[in-house]
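Working notes, beginning with the structure itself.
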Amino acid sequence: MEQFRVGVIGCGAISGNHFHAIGKAEHAVLRAVCDVDVEKLHRAMEAQGVEGYTDYNDLLARSDIDAVHVCVPHYLHAPIAIAALKAGKHVLCEKPMGMTIEEAEAMQRASDESGKTLTICFQNRYNGASLRMKEIIDGGELGRVIGGSAFVCWDRDEAYYASCPWRGTWKTEGGSSLINQSIHTLDLLRWLAGGLKLKNATMTAKRLADTIETEDTCDMLLENKDGNRFVFYCTNCASTNENIYLHLILEKGELHMDGARLTIITPDGARLEDFSVTAGVGKNYWGAGHDQMIADFYRHLRLGQAPFITSRDALETTRIMDAAYHGNAPLRHR
Ligand SMILES: NC(=O)c1ccc[n+]([C@@H]2O[C@H](COP(=O)([O-])OP(=O)(O)OC[C@H]3O[C@@H](n4cnc5c(N)ncnc54)[C@H](O)[C@@H]3O)[C@@H](O)[C@H]2O)c1
């Protein structure tokens, strides 16, 4: 197949990144869109020049759709992704992979049973600095990863939550700072560290306690299989959207990522590599990786290969997230 025929379900804020990326991808072509909000649906249909549906089942019933992008609120990721896989479509689902580990496992089962590919939109893995860190770690030049930390200090105010009712509730967003804003960085830390397990976590609402029922701040202690410690901190209480900071300690050096800048500390000294990009659509701090991720997903599908981000791997990020929310970290904000 030259081009996979794609449907996008959910035509809200992030859909623009998907439309742009599908438009550029060599092996994908947009064929249909879906949204329950008729105004947003018509806007997308007109802008993209494709047919549209208010019921995703009608889109899934089309035999000339090969793949769907799930771009809806968190509580709908699992049901819509599972329905799409059962309907024989490949699925590219926005993060997170379900709101709980049970949902993520059900998504994985649906992919296994249908034989269709599921990937999760952790596009920040495609950022230059992320790929370079992975290359250095896998190449072994600095030895094993033996510790690390990651910080996501962003700014989300009352108006952000007021503008969108599915955010800020346990039922529909499933959390806030961790599941929504910083899940990318948790995924990066886990992926680069080669697997992590949650020891314990704390959830609080410091700034937005009167606005949302979920957390605006979370911290975690994690361990790798050798018992090395990693720490993680995320908050929506910062005065601005700061650069994401990620630090990895290796046996023979260190990697410091500050936004798009990577400092590599080797036994011989330090060197800076700058991967700053100005191109791309959407907010800079979302990363400009949707274009790369989506093109690469269809390239792998065309070759009959597993995607760069397998759902089985993404599921492990949900496992940590789920343990933080539902394990030992009761929200302590009231
Ligand atoms: N990868 C990233 O960096 C990134 C950035 C922003 C958002 N996201 C994710 O994208 C998803 C959507 O976020 P958003 O900011 O675009 O939200 P949004 O509220 O702007 O858009 C969601 C859209 O889904 C539609 N919708 C709701 N129920 C539906 C249904 N049953 N069928 C079809 N459409 C339905 C809504 O009407 C809305 O237009 C979330 O999972 C979010 O976490 C990812």
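Here, each number is a calculation from the coordinates, and none is a lab measurement. Predicted model only: the values in this text are computed from it and were never measured. When we count neighbours, we look across all protein chains shown, and the Cβ atoms used for this are built from the backbone with ideal geometry, even at glycine.
A simple count of charges around Gln292, restricted to other residues whose Cβ falls under 15 Å of its Cβ and scoring Lys, Arg +1 and Asp, Glu -1, yields +2. Taking Cα centre as origin and charging only the Cβ of basic (Lys, Arg, +1) and acidic (Asp, Glu, -1) residues, the dipole magnitude of the chain rounds to 360 debye. Of the cross-linked pairs Lys116/Lys171; Lys95/Lys171; Lys86/Lys116; Lys199/Lys225; Lys134/Lys252; Lys171/Lys197, those separated by over 18 Å at the C-alpha level are Lys116/Lys171; Lys171/Lys197. Taking θ as phi - 60° and the Karplus parameters 6.51, -1.76 and 1.60, the scalar couplings of segment 153-169 work out to 10, 10, 10, 10, 9, 4, 4, 4, 6, 5, 6, 8, x, 6, 8, x, 10 Hz in sequence order, x denoting glycine and proline. Other residues within the sphere of radius under 14 Å centred on the Cβ of Arg62, judged by their own Cβ, net out at -2 (K and R +1, D and E -1).
Using θ = phi - 60° in the Karplus curve 6.51 cos²θ - 1.76 cosθ + 1.60, the 3J(HN,Hα) couplings for segment 60-65 round to 5, 6, 6, 7, 9, 10 Hz; x is entered for Gly and Pro. In terms of overall dimensions, the chain has a Cα radius of gyration and Dmax of 19.6, 61 angstrom. Once backbone amide H atoms are built at 1.01 Å from N, Gly147 has Ile249 as its partners under 5 Å, excluding neighbours fewer than 5 places away on the same chain. Within segment 178-239, the trypsin sites (Lys or Arg not before Pro) that combine a DSSP coil assignment with at most 10 other C-beta atoms in a 10 angstrom radius are Lys225. Considering only the Cα atoms of segment 4-123, their convex hull presents on average a projected area of 6.6 nm².
The GluC sites (Glu not before Pro) of segment 173-276 meeting both criteria, a DSSP state outside H, G, I, E and B (loop) and at most 14 other C-beta atoms within 10 angstrom of the site's C-beta, are Glu251. In this calculation the C-beta distance from Asp64 to Ala270 is compared with R0 = 41 Å, giving a FRET efficiency of 0.15. Local charge for Arg319 was computed over the other residues whose Cβ lies under 13 Å away, with Lys and Arg +1 and Asp and Glu -1, and equals -4. Residues in segment 242-249 carry Karplus couplings, in order, of 6, 4, 6, 10, 9, 10, 10, 9 Hz; the curve used is 6.51 cos²θ - 1.76 cosθ + 1.60 with θ = phi - 60°, and Gly or Pro positions show x. For the chain, the 222 nm mean residue ellipticity estimated from helices alone, with every DSSP H stretch of n ≥ 4 adding -39500 (n - 2.57) and the total spread over all residues, rounds to -9500 deg cm²/dmol. Treating each Cα of segment 33-82 as one equal point scatterer and applying the Debye formula with no solvent, the log10 of I(q)/I(0) at q = 0.18, 0.19, 0.26 Å⁻¹ comes out as -0.57, -0.64, -1.13.
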